Every structure is written in C-alpha cells, then in structure tokens.
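Shown next, in structure tokens, is the structure this report addresses.
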Amino acid sequence: MARERFDVVCIGGALVGSAIAHALSENPDFDGTVCVVERDQTYDKCSSSRAQNSIREQFSTPPNIKLSQYGMEFFQNFHEHTHVNGESPALNFVGRGYLFLAKDDMKLANMKANQVIQHANGADVQVLDHDELTKRYPLMDCSDLIGGCLGTMKEGTVDAWSLLQGFRQRAIANGVVYKQGEVVSIQRDGARVRSVTLATGEVIDVGDVVNSSGPRAQKTAEMVGLDVPVEPRSRSSFVFSCRTELEHHMPLVITPDNVHFRPDQQHYVCGTQPDDDVAVDYDDWELRPNEFEDKIWPVLATYVPMFDRVSVVSSWGGQYAFNTLDHNAILGPGSEVENFHFANGFSGHGMQQSPGVGRAISELITYGEYRTLDLTALSYHRVERNEPYLETAVI
Ligand SMILES: Cc1cc2nc3c(=O)[nH]c(=O)nc-3n(C[C@H](O)[C@H](O)[C@H](O)COP(=O)(O)OP(=O)(O)OC[C@H]3O[C@@H](n4cnc5c(N)ncnc54)[C@H](O)[C@@H]3O)c2cc1C
C-alpha cells in the first residue's frame, strides 16, 4: 500500500485536536489535507469527556479572557459553525455566572486587580462587598466572607460532548480524515518533522504536526526530542442532591478554599484541587472517592447551611493536562522544530478555549501568524526561556 501524506496531522482528536481540524477545514485560505489520529475514538479516557463544562471571562490574563470571549461567540453561533445538512448537536448553553468568594484582604485585592484587566478587555465583572453578597445570596452563610467577584450570564455551561461531536462532524463533512490509532514515534530530520508512525506500523508523511495529546502531551513531545511542562493530574467530580431545592438563582461558586459547585438541573456538581496534587500515571483515571467527605462536603456545608444533608448521586475521575510552568496553554512551534505545533497544557480551561485555539493554530499553520487573536504570550518560546506567563484565576 502506498504511504499516505497529509498536510497536517493532529496527534489526539478530542476537543483541541478536533477544534484545530475543524478550523483548518473551514478556512477558505487553507486548501491542504488534514488527518486526526486518535488512540481511542470512544473518548472514554480523555479530559474532554471528564470535564465540568463551564465557561467564564474571569481570568487574570488578556489572552485567556479573549479566548473565552471567542468561545462564547462560537457557542452562540454553534449551529452555524457545526451543522451538517442542517443538523447540529444540542449544545445546551445555560448562563449562570461565576462567583469567586474571598475571606481575606489579599484575595479581594487580587480580585480587584483582575477586575481592572477584565474591564480593559471587555469583560463585565462586578466586585461585591460583604453586604451585597449577603443580600443577593440569602441561602449562603457569608459571615466569614469579605467580598466576591461575579460575572455575567454570558458565563455558564455547555455540553462538551456535543461540542466535540459538532467539531468532528463538520470537520469530517469538510474532508478531514479521522484515523483510529496511536502515534508511537515521530521521524524528524533536523528542524522538520517528516512523518509519524502508528502502533500498527503505518507511516504517514506530514507537512505540519500538532501535539493535541492532552495529558499525554509530554509523551508526544518526547517523540521529537522536546519537553513540554505538562503532566497528568487527577481531578474528581461529584454530583450530589440536596433535599431542599435552592430557591434563588445560584451561580457557579468558587469558595476561598477552591471548592467549586454549581447547580446542574435538579442536582449540583462540585470538585476541588486535591491536597496531594501530584503527577499521576497516564492510565490512572480513577475517582478519589474520599475527596468528597474529607474536603468538599465540609466546605459546602459551611457556605450553604442546607448542604449539611446531601447525598452523592454520581461521580467520576478525570485528568487535567496540568501546565506546571504557569497553568496556561502552550501554543505553536518552538525554535528547534519549525513544523511541530504545541496545543497543550490547558489545565482546567481547555474546553472553553478550544474554539479560539482551533482558530489560532489554524492561522499559524495557514499564514505563519495570528490574525484573529494575538496569542503570542502563550507561545512555546516562553517554555524555552523558562519565563512563566502566570494565570492566577485558576480552578
Ligand atoms: C474534572 C475536569 C473539569 C474540567 N472542567 C472544565 C471546565 O469547566 N471548563 C473548561 O473549559 N475546561 C474544563 N476542563 C479542562 C478540559 O476538559 C480540557 O482542557 C480539554 O478537554 C482538553 O482537551 P484536549 O483535546 O487537549 O485533551 P484530551 O481531551 O485529553 O484529548 C487528548 C486526546 O489525545 C489522544 N492521544 C494522546 N496521545 C495520543 C497518541 N500518541 N496517538 C493518538 N492519540 C493520542 C487521547 O486519546 C485523547 O483523546 C476540565 C477537565 C477536567 C478533568
């Protein structure tokens, strides 16, 4: 059989790989061929199918705010961007806002500093004092809180599975080829990657390659002799029910202890950062069941007294592709290999960034520069220089 060649090969075909393939295939100035290689097309064990599906403008760096705003616009016009013969998956956007809570001056000062950046970048965010919090959220015990920061109803949740299916179905209809298979080695000739090899032995010649391998980003980077500061970190999610329904609108709440919860139809979804937040095995997707009782529930019951009696109705384990340098996405090529593009390290915000990152990487490949969003600050070059570009609003 003749060896196949594609102008672009994405290694990993979940949200980020599919968003890039989708954007390339939608760009009238790109007339190349695209192949997405995905080791598990059931998507059972990838961040994209284990996420909590929320989008927010409340970040501390302009590129992250702009990326989310791009995502919000994309979600509003999701049908137009993804339909095939008039049919698109149901994205089910629910607007609810995010509410970050503070109980010390330093945290509140940080929120106020972020608010200046957010306003300058067109995000409508309000800092609330203790009295305003108490008035707005009578079901919350605000006694130890000195303030909070609330976003608008543009912040909310979508169905990430539908987002993935939307990217994929439109990309496939546009001619993108999805291959089930694992990339096990990459052939490099000086400053260029020439081909990738799958576990089956199949070799694919390439023009450009994208590392969209999620928590396995470092494994893929190693195949070209590079490093990327991304490691798999365990994140558990819990859905709980409470006998008494919240009568008041409740946003997605992030407590000062970094426990987060939000309503989800008749239940609530929650999670937190584990105390022992270390790299885990690539194949470790296990739930950490004790996290709910030991860490999350005591915090929930402190801030919402009626959560003192709740029951967990479902739960799942997951992995963040955790960027140990600065929690931000790492995008584009480095100085050593010109046609190997990173799209990694999204930590807990890659779902909302996938439409914007798809567009951005497609522009880098097509034009050699960003045209819609300037994401230079997120480039791989900062990794080479060991210069973090820190995001402080991390969940
Ligand atoms: C608990 C949890 C909550 C989250 N909540 C949010 C949220 O509220 N909002 C938000 O925006 N984001 C959230 N995220 C983050 C978001 O899910 C991720 O940032 C996003 O899904 C990353 O997508 P990805 O395509 O980069 O990675 P993944 O979804 O992990 O996909 C990588 C793919 O690459 C494939 N792959 C890897 N190596 C190879 C190889 N060698 N060959 C072929 N295929 C390969 C894998 O099989 C996988 O399918 C959350 C994540 C978790 C775990």
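The values are calculated or read from the model by the stated rules, or taken from the named source; none is laboratory data. Please read all numbers here as calculations on a predicted model, not as lab measurements. As a convention, Cβ positions derive from the backbone with ideal geometry for all residues, glycine included, and neighbour counts pool all protein chains shown. Just so you know, the surface numbers come from the protein's heavy atoms only, side chains and all, with ligands and any DNA or RNA stripped out. Shrake-Rupley method; radii C 1.70, N 1.55, O 1.52, S 1.80 Å.
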Along the dipole axis of segment 144-274 (charges at Cβ: +1 for Lys and Arg, -1 for Asp and Glu; origin at the Cα centre), the most positive-end residue among Ser212, Val176, Val158 is Val176
Does anyone have the angle between helix 160-173 and the longest principal axis of the chain? Alpha-carbon axes, 0 to 90°, nearest 10? 20
Top mean-square fluctuation among Arg233, Arg56, Arg385, Gaussian network model of the chain, C-alpha springs under 10 Å? Arg385
Segment 255-395 - charge dipole about Cα centre, Lys and Arg +1 at Cβ, Asp and Glu -1, debye rounded to 20: 560
If you average over every viewing direction, what projected area does the convex hull of the Cα atoms of segment 178-252 give, in nm²? 9.0
Of all the accessible heavy-atom surface of segment 286-395, with the other protein chains kept in place and a 1.4 Å probe, what percent is carbon and sulfur? 48
With unit charges on the beta carbon (Lys/Arg positive, Asp/Glu negative), name the residue among Gly32, Ala21, Gln52 whose Cα is farthest towards the positive pole of the charge dipole of segment 1-59. Gln52
How would you classify segment 219-329 from its alpha-carbon gyration tensor, with a ≥ b ≥ c the square roots of the eigenvalues: rounded for a/c under 1.5, else prolate if a/b is greater than b/c, otherwise oblate? prolate
Pairs of Cα atoms under 8 Å, at least six residues apart: use those to get the relative contact order of segment 320-365, whole percent. 38
Report the equivalent ellipsoid semi-axes for segment 84-189 in whole Å, largest first, defined as the square roots of five times the eigenvalues of the gyration tensor built from alpha carbon atoms. 42, 20, 14
Which log10 I(q)/I(0) values, to two decimals, does segment 245-395 give at q = 0.18 Å⁻¹ under the Debye formula with one point per Cα? -1.10
Determine the principal axes of the Cα atoms in the chain, then give the extent along each, sorted from largest to smallest and rounded to whole angstroms. 69, 44, 41
Helix 15-26 against the longest principal axis of the chain: what's the angle in degrees, Cα atoms only, rounded to the nearest 10? 60
Taking the chain as the reference, fit the longest principal axis to its C-alpha atoms, fit the long axis of helix 350-367 to the helix C-alpha atoms, and give the angle between the two in degrees, 0 to 90, nearest 10. 30
Over segment 94-207, what percent of the accessible surface lies on carbon and sulfur atoms, probe 1.4 Å? 53
Residue among Ser314, Tyr367, Gly350 farthest towards the positive dipole end of segment 312-395, charges placed on Cβ: Ser314
For the pair Ala377 and Arg192, what calculated FRET efficiency results from E = 1/(1 + (r/R0)^6), where r is the Cβ-Cβ distance and R0 = 25 Å, to the nearest 0.05? 0.45
Where the only charges are on Cβ atoms (+1 Lys, Arg; -1 Asp, Glu), what is the dipole of segment 61-126 about its Cα centre, to the nearest 20 debye? 280
Computed over segment 275-395, protein heavy atoms only, probe 1.4 angstrom, the accessible area per residue in square angstrom equals 42
Once you charge only the Cβ atoms, +1 for Lys and Arg and -1 for Asp and Glu, what is the size of the charge dipole of the chain about its Cα centre, to the nearest 20 debye? 420
Can you list residues whose amide H is under 5 Å from Arg371's amide H, if they're 5+ apart or on another chain and H is modeled 1.01 Å from N? none
